[in-house]
Amino acid sequence: MTESANDIIFTMSATGKFFYVSSSVKNITGFTPEEILENCLKELVTEESFNYITGVIGTFFSKLQKGTPVKAPVFEIEILCKNVSTLWVELNVNPVFDEEKNFRYFTGTMRDINDRKQAEERFRIAAECTNDLIYEWDMKNNHLKWFGNIDEALGYDQGEISETLNAWSERVHPDDLQAVMKKIENYRNTGDIFQAEYRMITKSGQIRHWKEHGTPIFDDVTKEISRTIGVCSDVTDKKESEKALKESEEMFRLIAENANDVIWILDASGNTLYVSPSVENLRGFTPEELKSLSIEERFTPQSFQDLMELWNAFFSTFKKGFIPDVPRTIELEQPCKDGSTVWVEMHINPVIDNEGKFKFFLGISRNIDKRKINVTIQPTTISLLILI
């Protein structure tokens, strides 16, 4: 069985001397078992990986001597191949003890994870090119590997946030944690795409809004979710903009609904997008009734003609990002629901978007009937005084 395994199976002393290596080592590294047995672990791994292994095994024996329960170490190292290339493997070691509970040697396996490490490197590069955080969650041991600087994103020093699910959950806002964990539990059971929005708390106590999207990776044998590849996006700025817009719209609504003047919005086709409730006091029409009228029906014939001249002058000279210098105030006569008419002074403001394109006209209509009557009466009064 060990001779046909794809993984490298071995036994090794505490000093890194191999006692046994399976024949699969040749397919993976190019070395024969005999060549491996002639060397120690130090000669078969990169210097950086050897230093890492030494530290892990040192900690292992330190805990062992103190009688502390020890979990078998699992770590990723880079080994040397016969063709001078290197290969990433997952090293899983288990200590073997004699009857008196004295350590004797390690048994273990090495599994080729080179493709996964290359994928992780692509994730890391992708994460550096975006503000999003990419992660890989090993759901068997709750190891959460981040491709992107999560420490910096949450205001911590490099390495302060450990790569575990608990380290992440400890920084989720308490009011959101229960709902998010419930979604995770449902995700484990169903295997559906994971999506969630929640708040994260930075080291300084600030609130950041995160949006997460995760895709399950299933185990070929068990068909259960073994890993998740996901993305966390900081959407705080978007949330704050939406909140500010909502507050602005609410303020506009309060002003519009309590103003004596009529506030309205027209699109480029003359359709009414909004008209304040005060239009009913001015002309007798409800906002819904006024929206059903064509733009021509909203004015007397002469006033409609005057408005169209101004309208056409605006659009004939409008250019992207440039607002034409045409009159913004005009006096027009509008029909009322009871058949009478009312004179209004319209203040018209064109609104453009961030790209300089026309969005709509925002306007205010004010009743000037009394002013118009005074203008008509004044010449008549002067003529009478002259006759007297």
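The values are calculated or read from the model by the stated rules, or taken from the named source; none is laboratory data. Keep in mind that what you see is a predicted model, and the values were worked out from it rather than measured. Positions of Cβ are backbone-derived with ideal geometry, glycine not excepted, and every protein chain shown enters the neighbour counts. Surface areas here come from the heavy atoms of the whole protein model, side chains and all, with no ligands, DNA or RNA. Shrake-Rupley method; radii C 1.70, N 1.55, O 1.52, S 1.80 Å.
If you line up the long axis of helix 174-190 against the longest principal axis of the chain, both from Cα atoms, how many degrees apart are they, to the nearest 10?
Roughly 60 degrees between the two axes.
What GluC sites (Glu not before Pro) in the stretch 6-65 are in a loop by DSSP, with at most 11 other Cβ atoms within 10 Å of the Cβ?
Loop-located and lightly packed - 38.
Roughly how many nanometres apart are two label points built 7 Å out from the Cα toward the Cβ at residue 6 and residue 306?
8.4 nm
List the equivalent ellipsoid semi-axes of the chain in whole Å, largest first, each obtained as the square root of 5λ for an eigenvalue λ of the Cα gyration tensor.
The three semi-axes for the chain are 80, 21, 17 Å.
Compute the length gained on full extension between residue 273 and residue 244: take 0.36 nm times their separation in residues and subtract their Cα-Cα distance, giving the result in nm to one decimal.
8.3 nm
Between residue 237 and residue 56, what is the FRET efficiency for a Förster distance of 41 Å, r being their Cβ-Cβ separation, to the nearest 0.05?
0.50
Be a star and scan the stretch 143-167 for residues whose amide nitrogen sits under 13 Å from the point 7 Å along the Cα-to-Cβ vector of residue 202.
It comes to 151-157, nothing else.
Which one of 317, 32, 190 has the biggest mean-square fluctuation once the chain is modelled by GNM with Cα springs under 10 Å?
317
Angle between the Cα long axis of helix 47-65 and the longest principal axis of the chain, 0 to 90 degrees, nearest 10?
In the chain, helix 47-65 runs at an angle near 70 degrees to the longest axis.
Roll a 1.4 Å probe over the protein heavy atoms and report the accessible area of residue 199 in Å², nearest 10.
Here the residue's solvent-accessible area equals roughly 70 Å².
Could you check the spin-label model distance between residue 178 and residue 63? Points 7 Å from the Cα along Cα→Cβ, value in nm.
Once both label points are built, they end up 3.4 nm from each other.
Leaving out ligands, DNA and RNA, what percent of the accessible area of the chain is carbon and sulfur, probe 1.4 Å?
Values: 12300 of 23890 Å².
It is 51 percent, rounded to a whole number.
Label-point separation (nm) for residue 193 and residue 313, each offset 7 Å from Cα along Cα-to-Cβ?
The modelled label-to-label distance comes out at 5.3 nm.
For every other residue with a beta carbon closer than 13 angstrom to the beta carbon of residue 313, add +1 if it is Lys or Arg and -1 if Asp or Glu, then tell me the sum. Working shown, then result.
Details: positive: 328; negative: 306, 309, 325.
With Lys, Arg at +1 and Asp, Glu at -1, the net is -2.
Using DSSP to define loop residues, name the trypsin sites (Lys or Arg not before Pro) in the stretch 82-164 whose beta-carbon has at most 16 other beta-carbon atoms within 10 Å.
Sites meeting the loop and neighbour criteria: 82, 101, 140.
Note down the accessible area of residue 107, probe 1.4 Å, to the nearest 10 Å².
About 50 Å², rounded to the nearest 10.
Can you tally the net charge around residue 234? Count Lys and Arg as +1, Asp and Glu as -1, for every other residue whose Cβ sits under 10 Å from the Cβ of residue 234.
+2
Expected output is a single nm value to one decimal: the length gained when fully extending between residue 219 and residue 121, i.e. 0.36 nm times separation in residues minus the C-alpha distance. What is it? Present the calculation step by step, with values, prior to reporting the outcome.
Working: separation 98, 0.36 × 98 = 35.28 nm, distance 2.19 nm.
Using 0.36 nm per residue and subtracting the Cα-Cα distance, I get 33.1 nm.
Given a Förster distance of 30 Å, report the FRET efficiency between residue 104 and residue 162 from their Cβ-Cβ distance, rounded to the nearest 0.05.
Rounded to the nearest 0.05, the efficiency is 0.40.
Using helices alone, what [θ] at 222 nm do you get for the chain, with -39,500 (n - 2.57) per DSSP H run of 4 or more residues, divided over all residues and rounded to the nearest 500?
Counting only the DSSP helices, I get -11500 deg cm²/dmol.
How about residue 320: which lysines have a C-alpha closer than 21 Å to its C-alpha, ignoring those fewer than 8 places off in the same chain?
Qualifying lysines at Cα under 21 Å: 357, 359.
Among the GluC sites (Glu not before Pro) within the stretch 146-232, which fall in a DSSP loop and have no more than 16 other Cβ atoms within 10 Å of their own Cβ?
Values: sites: 152, 160, 163, 170, 185, 197, 212, 224; in loops: 160, 163, 170, 224.
In loop regions of the stretch 146-232 (DSSP not H, G, I, E or B), the sparsely surrounded GluC sites (Glu not before Pro) are 160, 170, 224.
What net charge is computed for the residues neighbouring residue 45, neighbours being all others with C-beta under 12 Å from the C-beta of residue 45, Lys and Arg scored +1, Asp and Glu -1?
It works out to a net charge of -4.
To the nearest 10 Å², what's residue 20's accessible area with a 1.4 Å probe?
Around 70 Å² of this residue is reachable by solvent.
If one computes the Cα centroid of the stretch 262-288 and of the stretch 168-214, what distance in Å separates the two points?
What the calculation gives is 44 Å, centre to centre.
Would you mind getting the accessible area per residue of the stretch 6-66, heavy atoms of the protein chains only, 1.4 Å probe, in Å²?
Result: 56 Å² of accessible area for each residue.
Could you derive backbone 3J(HN,Hα) for the stretch 339-344 from the dihedral phi with the Karplus parameters 6.51, -1.76 and 1.60 (θ = phi - 60°), listing whole Hz in sequence and x where the residue is Gly or Pro?
x, 7, 10, 9, 8, 10
Cross-link partners among lysines for residue 372, C-alpha distance below 22 Å, same-chain residues fewer than 8 apart left out?
337
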